[in-house]
Structures are given as C-alpha cells and as structure tokens.
Amino acid sequence: MDSCLSQTFGDVEVICVNDGSTDGSLRILEQYQKLDSRIRIVNKENGGLSSARNAGVAAAEGEYVLFVDSDDYISSNAVERLYDNATRNNSDLVIFDYVIWNSDMNVAVFPVSSKIGKRYENTVFNAETFELDNYRYMAVMTWCKFYRREFIKDIRFWEDMVYEDVPYWAEVFTKAKRITYLPEAYYFYFSTRPGSIMAQKDERNFDVLKAFERFETSFKQAGLWEMYGKDVQLISITNYLNKINIVKPELKERMYNTFKELKLDIDYEYYYNEARFGAIDRYWLKSFELLNKSKDFNEFLILQNEVRNEQ
C-alpha cells in the first residue's frame, strides 16, 4: 500500500479488492482510506485471485491498469515511467522487468530478455510483428505489465482455475495492437509467501492442463497458430514436466499418466533440427518423448535421469 501511495505520479486511484478476507485486512484498508482519498475499497465474497482481479478491473476508472498483489510492491516511479511510455507510444500494453526476492532478502532482477531489450526497447510491436525467436522469453505473469484499461475491459481472468495468468496473457498478447517494452525493473515480487500457488504442491497443479488448452485456443482463434504453434507446444510440455517435478510424491505417477493420455502430436525432429532451440529445450523435449514411450512411471524416471546426466 505504501509503495502504491508514494508514486511520483500523483493522479492514481488505488483500488483495493477485499476478497472476503477473514483477517484484519479490511480494517487496515479502512485506516489507509481515512488518510488518502485516492483509495477505493471493493468488498466482495471470497472468489479467489481471478475473481478479485476481475472485480478490480470492473471498478477501475483510470486510463491504465497496473496489478499489484498484496504481498509485493512497486518502485516509487513505476506509474510515472510506465504512463510516459504508454502515452508516448499509444500502447495497449507496456511490458517491463521485475525483481524476485525472498524471506532471506536474496534478490534477482529478471529482464524479459537481453535480446528483447536490444530489439524492442524503442519499438512498437504486436504478435504479428514480433520475432518468434524471442517469444519463449516473454513472462506470462500479469503483474509485470501496464495495460490500457479500454483494451482489457472485456478480457477476463478465468475463475475456475489456478495458473490464471497463462490464458490471460495469451489473450492479451494475441489481441494487443501496440505493445512496448521498457527494460527497467519496477515490480518487486515476494517469492516465498505461504499459500502462494508458486509454493503449492497439491492437486491444483493439474489446472496446468486447462491453462494451456486455453492458451492454445487464443493463438488459434487469432489465426496465429501456424506462426506460434511450435513454440506454444514447447512451452506447454515444459510446464507439464515441471509440474511432475514439484507436486507431492503421491501425485507424481497420476500426473505422469494424465500427460501420457494426452497423446500430443509432436514433431520431435523439427525441434531437434531447428537451430533456435537450445540444449535446455531439447532436454525437455527428450523427457516428454520418453514420458510417452516409457511403459510406466518408474521407467520414465530412470530414462529421464539418464538424459539429465547427459546434459
């Protein structure tokens, strides 16, 4: 709250969505509201993150929207710099860098990509003009982007799933006509919050299937599947395999079987022979190929470990 209210750009509205909290959140918000008239509180029944974000966008009246999760913060000049970039370029969307930090105060700055920075720092682009080599470096997270409100007013977060950033980003990216990139870190993401989906190892990880099915649908509906299909497929299987790595041990075999039943049509030779895909890409591809060829989960683990040792 303090970081949002201390912006060097003063003409902001700070919309706080109280998503049915049962702790002292509402009381804290009301105390802040007494001190600053720019704060607006939206009270609603608990519906989860997607529902809260949808409610916030619906209540917004400003020209642009920046999402800030309750445990993170933004730099004091974030809105000023992002608004300047957006208005100068008439942007639907401004993408920017971020910092991840944890409870041990370890930090890491994440540029979207050095390639993207060099190529797109002073360029307006969209999905049709973007260089495909760089797409896999684009972050899907909602909070490292600055959105024109008019552009996203009819784009909603799916409320029946976690990993809601995935399909939202696909729809935003494929529909935006003017995108700009500002290679500066304005968002500070706290990575070790208890209860964060990033730390969850339960059955909610199966939602990755719905997320990437909708991710794929956005590209197909936009007529961009021929251009992006191979990269979207690679991103999808990378995330599927990552979920097997992070879920609870008792869920791993079930997840393995779920992904194996997908029977995806993957042109492995294309990926292995395409120069723009590197060693880490080939590792994930080989692992997924082994997942489909292995007779059971134990054999898959053995084969995957052999591939990992070859890296």
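None of the figures in this text is laboratory data; all of them are computed from the coordinates on show. Owing to the predicted nature of the structure, the values given are computational and were not obtained by experimental measurement. We place every Cβ from the backbone using ideal geometry, glycine too, and count neighbours over all the protein chains shown.
Some points to look at:
- Cross-link pairs exceeding 19 Å between alpha carbons, from the set Lys145/Lys243; Lys201/Lys295; Lys230/Lys263; Lys145/Lys220; Lys260/Lys293; Lys263/Lys295: Lys145/Lys243; Lys201/Lys295; Lys145/Lys220.
- Each Lys and Arg adds +1 at its Cβ and each Asp and Glu adds -1 at its Cβ; summed about the Cα centre, the chain shows a dipole of about 180 debye.
- Contact order relative to length of region 2-199, as percent, for alpha carbon pairs under 8 angstrom and 6 or more apart: 28 percent
- Taking a sphere under 12 Å around the Cβ of Ala59 and counting the other residues whose Cβ falls inside, with K and R at +1 and D and E at -1, yields a net charge of +3.
- Counting DSSP beta bridges with both ends in the chain, the antiparallel % (nearest 5): 45 percent
- Those lysines that a straight Cα-Cα span of less than 24 Å connects to Lys44, excepting residues fewer than 8 apart in one chain: Lys34, Lys153
- Computed [θ] at 222 nm, helices only, for the chain once each DSSP H run of length n ≥ 4 contributes -39500 (n - 2.57): -14000 deg cm²/dmol
- Calculated FRET efficiency for the pair Tyr268/Asp71, C-beta based, R₀ 41 Å, to 0.05: 0.50
- Net length available on complete extension from Asn242 to Glu30 is 72.2 nm, with 0.36 nm assigned per residue and the Cα-Cα distance removed.
- Euclidean distance of C-alpha centroids, region 221-237 and region 35-91, integer Å: 30 Å
- Applying 1/(1 + (r/R0)^6) with R0 = 22 Å to the Cβ-Cβ distance of Lys220 and Asn46 gives a FRET efficiency near 0.05.
- Cα pair distances in region 28-108, grouped into 10 Å bins until the bin that holds the longest one, percent each: 12, 37, 38, 12
- Computed from Cα positions, the angle between helix 208-221 and the longest principal axis of the chain comes to roughly 80 degrees.
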